[in-house]
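Data first, discussion second: the structure below is written as C-alpha coordinates.
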Amino acid sequence: MDNLKISIIVPVYNVEKYLDRCIQSVVNQVYKNWELFLINDGSSDDSGQICDKWSNIDNRINVIHKKNGGVSSARNLGLSNASGKWVVFIDSDDEIEDFYLNNLIED
(Lines give C-alpha, C1' and ligand atoms only; values in the text may rest on other atoms or scores of the structure.)
Protein backbone atom coordinates (compact mmCIF):
# COMPACT_ATOMS: atom_id res chain seq x y z
CA MET A 1 0.00 0.00 0.00
CA ASP A 2 2.98 2.36 0.30
CA ASN A 3 2.67 3.15 -3.41
CA LEU A 4 -0.77 4.75 -2.88
CA LYS A 5 -0.23 8.52 -2.92
CA ILE A 6 -2.47 10.64 -0.74
CA SER A 7 -3.05 14.30 -1.59
CA ILE A 8 -3.58 16.55 1.41
CA ILE A 9 -5.20 19.93 0.85
CA VAL A 10 -5.02 22.68 3.45
CA PRO A 11 -6.73 26.02 2.77
CA VAL A 12 -4.74 28.76 4.51
CA TYR A 13 -6.10 32.14 5.54
CA ASN A 14 -4.57 34.24 8.34
CA VAL A 15 -3.59 31.32 10.58
CA GLU A 16 0.05 32.13 11.27
CA LYS A 17 -0.15 31.09 14.93
CA TYR A 18 -1.48 27.58 14.11
CA LEU A 19 0.06 26.81 10.73
CA ASP A 20 3.46 25.45 11.77
CA ARG A 21 1.81 22.87 14.05
CA CYS A 22 -0.59 21.81 11.30
CA ILE A 23 2.17 21.34 8.73
CA GLN A 24 4.46 19.63 11.23
CA SER A 25 1.71 17.11 11.95
CA VAL A 26 1.62 16.21 8.25
CA VAL A 27 5.40 15.96 7.97
CA ASN A 28 5.42 13.65 11.02
CA GLN A 29 3.15 11.10 9.35
CA VAL A 30 4.29 7.47 9.58
CA TYR A 31 2.92 6.97 6.06
CA LYS A 32 5.29 8.86 3.76
CA ASN A 33 3.74 8.74 0.26
CA TRP A 34 1.81 12.00 0.34
CA GLU A 35 1.77 15.43 -1.24
CA LEU A 36 0.62 18.51 0.61
CA PHE A 37 -1.04 21.49 -1.04
CA LEU A 38 -1.05 24.66 1.04
CA ILE A 39 -3.48 27.02 -0.66
CA ASN A 40 -2.77 30.53 0.65
CA ASP A 41 -6.11 32.25 0.11
CA GLY A 42 -4.93 35.86 0.23
CA SER A 43 -3.66 35.92 3.81
CA SER A 44 -2.65 39.32 5.15
CA ASP A 45 -0.51 37.92 7.99
CA ASP A 46 2.68 35.82 7.72
CA SER A 47 0.84 32.64 6.68
CA GLY A 48 2.13 32.84 3.10
CA GLN A 49 5.74 33.12 4.22
CA ILE A 50 5.28 30.16 6.58
CA CYS A 51 3.94 28.10 3.67
CA ASP A 52 6.93 29.07 1.51
CA LYS A 53 9.36 28.20 4.31
CA TRP A 54 7.93 24.68 4.57
CA SER A 55 7.95 24.12 0.81
CA ASN A 56 11.70 24.81 0.89
CA ILE A 57 12.15 22.19 3.62
CA ASP A 58 10.16 19.32 2.07
CA ASN A 59 9.65 18.81 -1.67
CA ARG A 60 6.30 17.07 -1.06
CA ILE A 61 4.89 20.41 0.07
CA ASN A 62 3.39 22.59 -2.66
CA VAL A 63 2.25 26.17 -2.13
CA ILE A 64 -0.26 28.05 -4.24
CA HIS A 65 -0.88 31.73 -3.50
CA LYS A 66 -4.19 33.15 -4.71
CA LYS A 67 -6.54 36.07 -4.16
CA ASN A 68 -9.03 35.54 -1.38
CA GLY A 69 -11.96 33.56 -2.65
CA GLY A 70 -13.03 31.51 0.34
CA VAL A 71 -12.36 28.03 1.63
CA SER A 72 -14.29 26.26 -1.15
CA SER A 73 -12.33 27.96 -3.92
CA ALA A 74 -9.08 27.10 -2.13
CA ARG A 75 -10.09 23.44 -1.80
CA ASN A 76 -11.16 23.30 -5.44
CA LEU A 77 -7.82 24.73 -6.55
CA GLY A 78 -6.06 22.09 -4.48
CA LEU A 79 -8.22 19.38 -6.05
CA SER A 80 -7.34 20.56 -9.54
CA ASN A 81 -3.63 20.12 -8.73
CA ALA A 82 -3.81 16.91 -6.70
CA SER A 83 -2.31 13.75 -8.17
CA GLY A 84 -3.01 11.32 -5.34
CA LYS A 85 -5.40 8.39 -5.53
CA TRP A 86 -7.00 9.65 -2.32
CA VAL A 87 -7.60 13.22 -1.13
CA VAL A 88 -7.74 14.45 2.45
CA PHE A 89 -8.82 17.92 3.57
CA ILE A 90 -7.34 19.35 6.76
CA ASP A 91 -8.14 22.72 8.28
CA SER A 92 -5.10 24.92 8.81
CA ASP A 93 -5.74 25.26 12.55
CA ASP A 94 -5.93 21.47 13.05
CA GLU A 95 -3.29 18.83 13.74
CA ILE A 96 -3.43 15.17 12.76
CA GLU A 97 -2.04 12.21 14.69
CA ASP A 98 1.11 10.49 13.39
CA PHE A 99 -0.80 7.41 12.16
CA TYR A 100 -3.70 9.33 10.59
CA LEU A 101 -2.81 8.58 6.94
CA ASN A 102 -1.61 5.08 7.76
CA ASN A 103 -4.95 4.30 9.41
CA LEU A 104 -6.85 5.59 6.37
CA ILE A 105 -5.22 3.19 3.95
CA GLU A 106 -5.25 0.17 6.26
CA ASP A 107 -9.00 0.19 6.94
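The values are calculated or read from the model by the stated rules, or taken from the named source; none is laboratory data. Model, not experiment: these values are computed from the prediction. We place every Cβ from the backbone using ideal geometry, glycine too, and count neighbours over all the protein chains shown. Heads up: the accessible areas ignore ligands, DNA and RNA and are worked out on the full protein's heavy atoms, side chains in. Shrake-Rupley method; radii C 1.70, N 1.55, O 1.52, S 1.80 Å.
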Of all residues in segment 28-81, how many are closer than 29 Å to residue 103 by Cα and open to solvent by 30 Å² or more (accessible area, probe 1.4 Å)?
23
Scope segment 65-107; condition of a type in the set (Val, Ile, Thr) and at pLDDT below 95; matching residues:
105
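To keep it simple, each residue is scored yes or no on (1) within 19 Å of residue 4 (Cβ to Cβ); (2) in a helix (DSSP H, G or I).
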{"site": "54", "(1), (2)": "no, yes"}
{"site": "72", "(1), (2)": "no, yes"}
{"site": "87", "(1), (2)": "yes, no"}
{"site": "95", "(1), (2)": "no, no"}
{"site": "103", "(1), (2)": "yes, yes"}
Quickly run through segment 10-25 and pick out the residues that are of a type in the set (A, V, I, L, M) and either modelled with pLDDT under 95 or in a helix (DSSP H, G or I) (or both).
19, 23
Please state which of the following conditions residue 4 fails to meet, knowing it meets all the rest: (1) over 13 Å from the mean Cα position of the chain (by Cα); (2) modelled with pLDDT of 95 or more; (3) open to solvent by less than 40 Å² (accessible area, probe 1.4 Å).
(2)
